[in-house]
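The values are calculated or read from the model by the stated rules, or taken from the named source; none is laboratory data. Computed from a prediction, not measured in an experiment: that's the story for all the values here. Quick reminder, even Gly has a Cβ in these numbers, built from the backbone with ideal geometry, and neighbours come from all protein chains shown.
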Amino acid sequence: MRSLTTVDKFVYTTGQELFDTMQSFFFKQHALFTLVFDMRQLLNPDSREECLNVFLSWLNKIMAYTASNDQVDSMASVLIVGTHKDIVRDPREHAELSTILYNALRHHRAFAFVVQNKMGLSHLGHTDMLFFPIDNTQSGLDPMVEHLRSAIQAEAKKAPHMNELMPLSWMKLLDVLQASASPVLPYAEVEEIARQCQVSSAELVPFLAYMNSVSQLMWFDEDNLKDQIILKPIEGFVLPASAFIRRFSPDATHVMQMTPMHADIQKSALYREDFTKMVDTGFVSVPLAQKLLSGCNDKFEMVIALMFKYSLMVPIYRVCDTEEEEEKASAAAQAQGTATSRSYMDDLETLFVPALLSTELPADLDFLQGWWYIEYLLPAKCGFVDC
């Protein structure tokens, strides 16, 4: 028997609000969060309020997703890191920043789960601080970076799953899977690898479910998802999803994020109109979605199903305009012995990416004709839209 002893890291960088839709993907109760801020901004009275509001917003999100109950008896730990120590050098300023953070956060229910810096240094000597001031330009040469690493490791080892014993065969299988160069492997291939590691087919489902729960891999026992195991979530899901979720037109800061692939698609006469429609309205035709995910080989359905699961994309189906057409479709389905309910992939008419929707709906939605069925993939969230 052996326990997990390493800390695996997912790196999520915030900034553009567009990508906030992906945040729920990273929130796990057993996770460890590091909030990074620019010390210059918090010292500056003109930007201080905005900086503190961002802190409170993140604490609210972490608490909402990871708290064990309404009383917040437990939740994920949070470490706060201040950058640009090469500019903000004075220990007196570091102490001032720690006091600012303390006064702003101490009444928050998540405050008790903020990990203190036991190696803080003020103008009066060593002291506890609410953050770790680091010099980005020195990297590992800055002693505080080493203190931060030690604090992360120490906090991670407190997590219950880090001390749970499991069969050596499970750990061997996990090692083999994590050494794989492929970000995604089919279930059948993983089943064969498991057999070689003395993990039976009956054990494989519990193994995958447990490793998914502790973020060692991604696997869901659901239609359109259970046949693939994601070993590298960033490469296997986040990057493909970013083919849809990005700044295709300038935002308030005049930022655009067009990749060469998007530029080529925009030039193509075959996809130009669909691409413009996606940028303007958030609606994505199935052929365009297939083109955007053409680099995923045979993983198209898996990526789309995951986007449905995390509410990053909404499937839209055209339904029968009349009762007579509906009865014919139902009779045809029964004659073929198939269910009348639609799957996530069958008969898709178009897709919708909410993150691309502007604050003002476009006036011209003539391409949506008749009744459309929109499945939001959230509990009790189904409806009809009359366009």
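For Ala159, indicate whether it is among the small types (Gly, Ala, Ser) and crowded, with 18+ Cβ neighbours inside 10 Å.
Numbers: among the small types (Gly, Ala, Ser): yes; crowded, with 18+ Cβ neighbours inside 10 Å: yes.
Criteria met by Ala159.
Every residue, every condition in (1) in contact with a helix residue (DSSP H, G or I) (Cβ under 6 Å, 6 or more places away or on another chain); (2) closer than 22 Å to Gln29 by Cβ; (3) hydroxyl-bearing (Ser, Thr, Tyr); (4) without any contact (Cβ under 8 Å) to a residue 12 or more places away in the chain, yes or no:
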{"position": "Ala181", "(1), (2), (3), (4)": "no, no, no, yes"}
{"position": "Tyr187", "(1), (2), (3), (4)": "no, no, yes, no"}
{"position": "Val190", "(1), (2), (3), (4)": "no, no, no, no"}
{"position": "Ser215", "(1), (2), (3), (4)": "no, yes, yes, no"}
{"position": "Met218", "(1), (2), (3), (4)": "yes, yes, no, no"}
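Please pick out the residue among Met129, Met144 that is touching a residue at least 12 places away in the same chain (Cβ under 8 Å), surrounded by 19 or more Cβ atoms within 10 Å (Cβ to Cβ) and in contact with a Gly (Cβ under 6 Å, 6 or more places away or on another chain). Before the answer, list the steps.
Working: Met144 fails: in contact with a Gly (Cβ under 6 Å, 6 or more places away or on another chain).
Being touching a residue at least 12 places away in the same chain (Cβ under 8 Å), surrounded by 19 or more Cβ atoms within 10 Å (Cβ to Cβ) and in contact with a Gly (Cβ under 6 Å, 6 or more places away or on another chain) holds for just one of Met129, Met144, which is Met129.
Taking segment 159-178, which residues are closer than 30 Å to Val81 by Cβ and without any contact (Cβ under 8 Å) to a residue 24 or more places away in the chain? Spell out the reasoning first.
Within segment 159-178, the first condition is being closer than 30 Å to Val81 by Cβ, and the residues that meet it are 159-164, 174, 178.
Residues satisfying the conditions do not exist here.
Pick from segment 34-75 the residues that are modelled with pLDDT of 90 or more and not in a helix (DSSP H, G or I): which of them is farthest from Ala151 (Cα to Cα)?
Residue satisfying both the conditions and the ranking: Asn44.
Looking only at segment 361-371, decide whether some residue is at pLDDT below 90, out of contact with any helix residue (DSSP H, G or I) (no Cβ under 9 Å at 6 or more places or on another chain), assigned to a helix (DSSP H, G or I) and farther than 26 Å from Lys226 by Cβ.
Looking through segment 361-371, none of the residues is at pLDDT below 90, out of contact with any helix residue (DSSP H, G or I) (no Cβ under 9 Å at 6 or more places or on another chain), assigned to a helix (DSSP H, G or I) and farther than 26 Å from Lys226 by Cβ.
Are there helices (runs of 4 or more DSSP H) fully within segment 250-359 with at least 2 residues that are at pLDDT 80 or above and among the basic types (Lys, Arg)? List them. Can you show your working first?
On the way: elements: 260-267, 272-281, 286-292, 300-309, 323-335.
Because the criterion is at least 2 residues that are at pLDDT 80 or above and among the basic types (Lys, Arg), the helices (runs of 4 or more DSSP H) in segment 250-359 that meet it are 272-281.
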